Structures are given as C-alpha cells and as structure tokens.
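Okay, so here's the structure we're looking at.
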Amino acid sequence: MTPAGRGSVVDLASTHAPGSPLGTVAARTLAVLRIGLGFVFLWAFLDKTFGWGYATPAERSWLDGGSPTKGFLSNVEVGPFRDVFHDIAGQAWADWLFMLGLLAIGVALILGIGLRLAAGAAVVMMALMWLAEFPPAKTTASGEPSGSTDPLVDYHVIYALAAVVLASTYAGHTWGLGRQWARLPIVRKNRWLI
C-alpha cells in the first residue's frame, strides 16, 4: 500500500482504532447504536420508576407502589408459558430483577462498559419478553387475533442481536468508557467483564 495522499490507494489501517477492525465511521455508527439502545432500556426504567405517563401512568409508578411487571405479565394472553408469567406477575423479586436489569443494561450501554455482561442480560431479558408476547401465536387464549406481525423476529430479537453486536465489536471504545474499563485490574483478570 502507498501512504495516504500518495497515489490512489489509502492506508485504511490508519483510520482504525487500535485493537479494532472497524473504521472510524463504523465505530461511530456503532457508538450511536449503543447509546440509543442504552437509552431504550434506561428510559423504560425511568418511566416505570417515576410514572412519566408514557408507558406507565404516575399512579402506577414503582415509587407510588405500582408493580413494573404486573401489568405486562398479568395480561399475557398467548403462548405455552402464559400461566407461568401470570404467576410471577407482580412478585417483588420479579419487579426488582426486571428493574435492576433495565437500569444496569441501560447504564452499561450508554457508558460503554461491561458490554458483554449487558449483552448477556439483554439477551435473557429479551428472550423472556419474547416468550411473554409469543409472536408465533396467531390468536390469544380467547381466540382473538394476537396482533403478531412476524412469528419469529420482532423487536425483542433485534434488541438482543444489537446488544451482542455492540459487545462483540467493542462499541464502548468510541464515545464511551470502554477503553478505561478494559484497563481496570479486575477486568484484565476477568475478560468476561469487558
């Protein structure tokens, strides 16, 4: 290859971040995706906690005694796990796990730290939510149309895949604290914490 500026071939390696196979545009695009996906999780946490009136009315906020899982899980109308989800709807342990998961995933993605853990947690959470909505079902338990538009790939699957892509491409290194996080002694000894 000739150096940039000499001839028609550009040295693409000079545009890549150290330790990253991605160019600048790709790294920045993934950073925007990371922050945006993090905001989806963080927003859900904040709205359910404070009841800002988007998905959660103020009178059903977690701070006002509402259950973040009860409304969604008690209204599950489809799928083989319908009764299981009804049983855990509103349980304190389910509320705490769900809310801590939303908060941790959202903060980790926005800051660009612990992306492997965040991706794993996002995959588990999205898989459970996918099962609760069970897109393969054409009708609800009462025989009404389920409203599913795709029997396999819905937004839960896309969010989970996006989290995995972000973790596997070190997306926290661009516009995040991923590099600093990776240098921490505990993270160096336990690479799964990246």
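Overview of values
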item	result
Some residue of region 115-122 being surrounded by fewer than 19 Cβ atoms within 10 Å (Cβ to Cβ) and either out of contact with any helix residue (DSSP H, G or I) (no Cβ under 7 Å at 6 or more places or on another chain) or farther than 25 Å from ALA163 by Cα (or both)	yes
Residues located in region 137-156, provided they are outside any loop (DSSP other than H, G, I, E, B) and either among the aromatic types (Phe, Trp, Tyr) or surrounded by 11 or more Cβ atoms within 10 Å (Cβ to Cβ) (or both)	THR139, TYR155, HIS156
Unmet requirement for TRP192, which otherwise passes all of (1) assigned to a helix (DSSP H, G or I); (2) buried (at least 16 other Cβ atoms within 10 Å of the Cβ)	(2)
Subset of region 58-97 [touching a Pro at 6+ places or on another chain (Cβ under 8 Å) and under 10 Å from LYS48 (Cα atoms)]	TRP62
Residue check, GLY36 closer than 16 Å to HIS156 by Cα, small (Gly, Ala, Ser), within 15 Å of the chain's Cα centre (by Cα) and surrounded by fewer than 20 Cβ atoms within 10 Å (Cβ to Cβ)	yes
Residues located in region 46-70, provided they are closer than 16 Å to ALA94 by Cβ and surrounded by fewer than 13 Cβ atoms within 10 Å (Cβ to Cβ)	GLY65
Residues being touching a Leu at 6+ places or on another chain (Cβ under 6 Å), in contact (Cβ under 8 Å) with a residue 60 or more places away in the chain and in a helix (DSSP H, G or I) - total across region 167-181	2
Flag if LEU177 is crowded, with 19+ Cβ neighbours inside 10 Å and either closer than 17 Å to THR69 by Cβ or at pLDDT 95 or above (or both)	no
Condition met for GLU144 (over 18 Å from the mean Cα position of the chain (by Cα) and over 16 Å from GLY38 (Cβ atoms))	yes
Which numbered condition TRP96 fails, given (1) in contact with a helix residue (DSSP H, G or I) (Cβ under 9 Å, 6 or more places away or on another chain); (2) farther than 29 Å from ARG188 by Cα	(1)
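Yes/no per residue for (1) farther than 21 Å from ALA121 by Cβ; (2) out of contact with any Lys or Arg (no Cβ under 9 Å at 6 or more places or on another chain); (3) assigned to a helix (DSSP H, G or I); (4) modelled with pLDDT under 95:
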{"position": "GLY65", "(1), (2), (3), (4)": "yes, yes, no, no"}
{"position": "GLY71", "(1), (2), (3), (4)": "yes, no, yes, yes"}
{"position": "GLY79", "(1), (2), (3), (4)": "yes, yes, no, yes"}
{"position": "HIS86", "(1), (2), (3), (4)": "yes, yes, yes, no"}
{"position": "TRP93", "(1), (2), (3), (4)": "no, yes, yes, no"}
{"position": "TRP96", "(1), (2), (3), (4)": "no, yes, yes, no"}
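The values are calculated or read from the model by the stated rules, or taken from the named source; none is laboratory data. Predicted model, so just to flag it, every value in this text is computed and none were measured. Reconstructed Cβ throughout: ideal geometry from the backbone, glycine too, with neighbour counts over all protein chains shown.
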